[in-house]
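The values are calculated or read from the model by the stated rules, or taken from the named source; none is laboratory data. Quick caveat: nothing in here was measured; it's all calculated off a predicted structure. Cβ sites come from the backbone with ideal geometry, for glycine too, and all protein chains shown count toward neighbours. Surface areas here come from the heavy atoms of the whole protein model, side chains and all, with no ligands, DNA or RNA. Shrake-Rupley method; radii C 1.70, N 1.55, O 1.52, S 1.80 Å.
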Amino acid sequence: MIKVQQLSKHFCDVKAVDEISFEVAEHENLILLGTSGSGKTTMLKMINRLIEPTGGKIEIEGKNIMDQQPEILRRGIGYVLQNNGLFPHYTVAENIAVVPQLLKWDKKKTEKRVGELLEKLHLSKDHLHAYPNELSGGQQQRVGLARALVADPAVLLMDEPFGALDNVTRSKIHAEFKALDELKRKTIIMVTHDVQEAFELGDRICLMDQGRIVQNGTPAELLFKPKNKFVKDFLKEQRLNLEFKSVKLSDVWQWLARQTAKGDVVLSADLSLWAGMEHFRFKEKDVVNIRHGGINEMRSAGFEQLMSAFYQYKKQQSHE
Amino acid sequence: MNEQQQTLWGFMRQESGKLAEQTVQHIGLTFISLLIAVLVGLPLGIFISRRKRFSGAVLGVAGVLQTIPSIALLGFMIPILGIGPKPAIAALLLYALLPIIRNTFTGITGVDPAVKEAALAMGMNKQQILLKVELPLAMPVIFAGIRTATVITVGVATLASYIAAGGLGEFIFGGISLNNTNMILAGAIPAALLAILFDFLLSRLQKLNIKKLKKVTASLPVLLVVLSSFYFIPSAYGSKLKAGFTPEFMGRRDGDLGLQSKYGLKIRTVVISDAVMYKAAYEKQLDVISGYSTDGRLKAYDLVVLKDDKGIFPPYYAAPIIRENSLKKFVSLEKILNLLAGRINDSVMTALNYRTDYLHLSPEQVAKDFLVQQKLWKPAQTANPDSVVRIGSKIFGEQYILANIYSMLIKGNSHYDVSTKTGLGGTKICFDALANDQIDFYPEYTGTGLLAILQAPAAVTDRLSTSPDAVYQYVAQEFDKKHNIKWLKPIGFNNAYALMMRRKQAEKLNIKTISDLKRYLETR
């Protein structure tokens, strides 16, 4: 879908992006993770030509983006900014309708689509005629997302989209983000410096440092097969938390008990260990049933069994 | 009717026609300049916000223009654009430019970069970003600039009357020349009110919320154009010749008022400063002007004086007027000043004026040459710093020369020290300085004393006007009585008002007297 080849961007002598290559598959969610100055934002902005590369090539669906007029290219790519970048002199409705206006949609079509998005993003219709400064930070960010999604672009670029939000709002929006069906049909590249966020939202993570990709892999790969010390150190502080979040119940399937327990709670095996453990804590169940949809099998586990399975899994990973 | 006792309100009511015309002219002048300034300044501001390397140069030049004194700027415009509204508008426009350019630049560069990036990322092109994002967001700042420019322009536009562009300055400068406070206020108060009113209206615009602002922004150009057209409403009635009179002449009984009442002269008239009036006549932008009969430029520009066959211009014999207290303080001063009595006749004065006005010699040089030639020159004696004679003069060449002559005479014939306070504006400023003991003496003219300072009733002026001696006696007596100021002996020349034309034109049309002029204007 998106193919980046030997892409470089030099600002005078500084190599902000240094011969990077990666690919993003259709409907994949790729996270560019790194500290500030790692070149991740520069990388992102070259995809919609907000920044012109010094060398290299980007293809979207096989077409070189340099062959397209930048305005036309950008209208086909959704873009969400950290500080939302909403137009303060436009109402919410006008803000969302910026791209349809540029694409010369008729009024009815625009109205319908704006209403639809508003509903999906849990914004009230009363907000339509409000100005951005009358909304909360979370609401503003949702409007920013709606603006990026309105023309249903195949590609969505997000530059630290939740960076300006407080923790409570952020985790709420994370949950909505994952549940939003619109986003499941998109190829997304998101920039963040927040490790938690990267692991929670990303199908794949490119960990970047000094303009280069240090490791490109799934969250589990980064955790259990780090390429070098840099990757290990980068994840060190939140390691346990991340591990629980990135290991799925299906990954530890072989160590779970075969019999089913009493009780009506059935979890999907696609959930992370972390989500499974939450059921112990809040529902006060000793044992939960887990259904593996792929092989149509049901197993069960108590808290201690789950911990032991996780331990076995880790041992196995480190031996491979 | 004694004007001193007339109230301001009375004056404004009496002159309401003129006041309305001047106000409308003033508004028109302000907004034409403003409109052009916006048309020039806005694109320039946008341009330098795009190409920042030009911003220093453009803002620098606009800043320098702002620092040029307004009168000087008007002066620069005359050789290029002549007199009348064109140079006035050009000068006003240059003054209004800086705040508009600067605020457009600041407004646009101050737009949140995240918003600009969002606009770019949504797929807007440069023009769409400018029109849909940058300009609307910069609008409050740009409005503030236009507001500043408006207030500046309303103020500076009062000076437009110096170069025949009309406006409320006509009353203000006429009033200063005529020692008529009501007249000054009749110009100054409406000008101030206009500035306050426009400032207030624009401040309301600025505070409107974004939604309403969109509509207002659209209507603003229309409003500007409508207000600009005000200037063209009071179009003067046409006549074959065009006259330029000084603000002082316009308001005097022995000036335009006398021409209308005694001669019945009807001519298209513009108000103009005497500094540029002669040149304008020479350059055929004006045909008839109100000059002074001893002015050096009469000779320089080959103009002729029209004979005052009905005797409306009273004699203007020059003589030093001095405070009685000063005469007591400086015992030998009267004798020294009278050394000059009777020494300078009309043609000598014209020649002296010609040397300063046209040959551009310094008044000091001209004064010294004259004294040497008259064998009155003596080198300066040691001065006693405790007894300083303060000499005043009005703001034109002849007075500068006289002040210098007196200064040299005093220094050469006494141990008094001298300080000269030249350039004391018009009659009012000069006389007030004398009356309030800011100066000891200055050269004044009998006619001015009679009409502008004493404001003698019509009965008295009619009785006196033909006889120079009678006028001198009257003013000497009245000044002594009312102001404790003494008229010394006349210097000799009569610097009376006169109507003048180009010699060639006057000869061609066979106009020798003011009555001839009237007859010519009335023939079809």
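Rounded to the nearest whole Å², what accessible area per residue is found for the protein assembly as shown with the 1.4 Å probe?
45
Expressed as a whole percentage, what fraction of the accessible surface of the protein assembly as shown belongs to carbon and sulfur atoms when a 1.4 Å probe is rolled over the protein heavy atoms?
Of the solvent-accessible surface of the protein assembly as shown, carbon and sulfur hold 55 percent.
Compute the distance from the alpha-carbon center of the range B:165-211 to that of the range B:402-438, in whole Å.
Result: 34 Å between the Cα centres.
I'd like to compare A:229-238, A:139-148, B:268-277: which one has the highest average count of other Cβ atoms within 10 Å, and what's the full order after that?
Going by the mean number of other Cβ atoms within 10 Å, highest first, we get A:139-148, B:268-277, A:229-238.
What angle, in degrees between 0 and 90 and rounded to the nearest 10, separates the Cα long axis of helix B:169-178 from the longest principal axis of the Cα atoms of chain B?
Once rounded, the angle reads 20 degrees.
Residues of A:34-44, mean number of Cβ from any other protein chain within 10 Å of their own Cβ, rounded to a whole number?
0
What distance in nm separates the two pseudo spin-label positions at residue A:23 and residue A:126, each 7 Å out from Cα along the beta-carbon direction?
Placing both labels 7 Å along Cα→Cβ, they lie 5.1 nm apart.
Below 28 Å Cα-Cα, how many Lys pairs turn up in the range B:3-232? Only count pairs eight or more apart in sequence, or on different chains, if you could.
22
Counting DSSP beta bridges in chain B, what percent are antiparallel, to the nearest 5?
About 55 percent, rounded to the nearest 5.
Just grab the label-to-label distance for residue A:152 and residue A:108, each label 7 Å out from Cα along the Cβ direction, in nm (one decimal).
1.7
Please compute the Kirkwood hydrodynamic radius over the range B:53-168, one decimal place, Å, based on all pairs of different Cα atoms.
Result for the range B:53-168 stands at 15.9 Å.
How well do other chains shield peptide B:136-144, expressed as the mean number of their Cβ atoms within 10 Å of each residue Cβ?
1
Roughly how far apart, in whole Å, are the Cα centres of the range A:14-77 and the range B:352-377?
The two parts, judged by their Cα centres, are 83 Å apart.
Under a point spin-label approximation (7 Å from Cα along Cα-to-Cβ), what is the residue A:174-residue B:53 distance to one decimal in nm?
Distance between label points: 4.8 nm.
Among B:97-105, A:150-158, B:491-499, how do they line up by average Cβ neighbours within 10 Å per residue, starting with the highest?
Ranking the peptides B:97-105, A:150-158, B:491-499 by packing returns B:97-105, B:491-499, A:150-158.
Could you work out the pair-distance distribution P(r) of the range A:1-100 from its alpha-carbon pairs, with 5 angstrom bin width and percents rounded to whole numbers?
3, 10, 20, 22, 19, 13, 9, 4, 0
Which residues does the label zone of residue A:238 cover in the range A:1-42, counting backbone N under 16 Å from a point 7 Å along Cα→Cβ?
The answer is A:31-36.
List the lysines whose Cα lies under 29 Å from the Cα of residue B:512, skipping any in the same chain that are fewer than 8 positions away.
Partners within reach: B:240, B:242, B:262, B:266, B:279, B:284, B:299, B:307, B:310, B:504.
Express in nm, to one decimal, how much length is gained between residue B:61 and residue B:373 on full extension, taking 0.36 nm for each residue of separation and deducting their alpha carbon distance.
107.4 nm
Using only alpha carbon pairs under 8 Å that are at least six residues apart, calculate the relative contact order of chain A and give it in whole percent.
Across chain A, relative contact order equals 19 percent.
If I take every Cα pair under 8 Å that is 6 or more residues apart in chain B, average their sequence separation and divide by the length, what percent do I get for the relative contact order?
It comes to 17 percent, rounded to a whole number.
How do A:277, B:349 stack up against each other in accessible area, from largest to smallest, with a 1.4 angstrom probe?
A:277, B:349
Give me the accessible area buried between chains B and A, both sides summed, with a 1.4 Å probe, in Å² rounded to the nearest 100.
Approximately 1900 Å², summed over both chains.
What aspartates and glutamates could a cross-link reach from residue A:314, if we take a straight Cα to Cα line under 19 Å and drop same-chain neighbours fewer than 8 places away?
A:221, A:233, A:237, A:243, A:251, A:270, A:304
Ordering B:24, B:64 from largest to smallest accessible area (1.4 angstrom probe), what's the sequence?
From most exposed to least exposed: B:64, B:24.
Quote the relative contact order of the range B:3-232 in percent (integer), defining contacts as alpha-carbon pairs under 8 Å separated by 6+ residues.
Relative contact order here is 32 percent.
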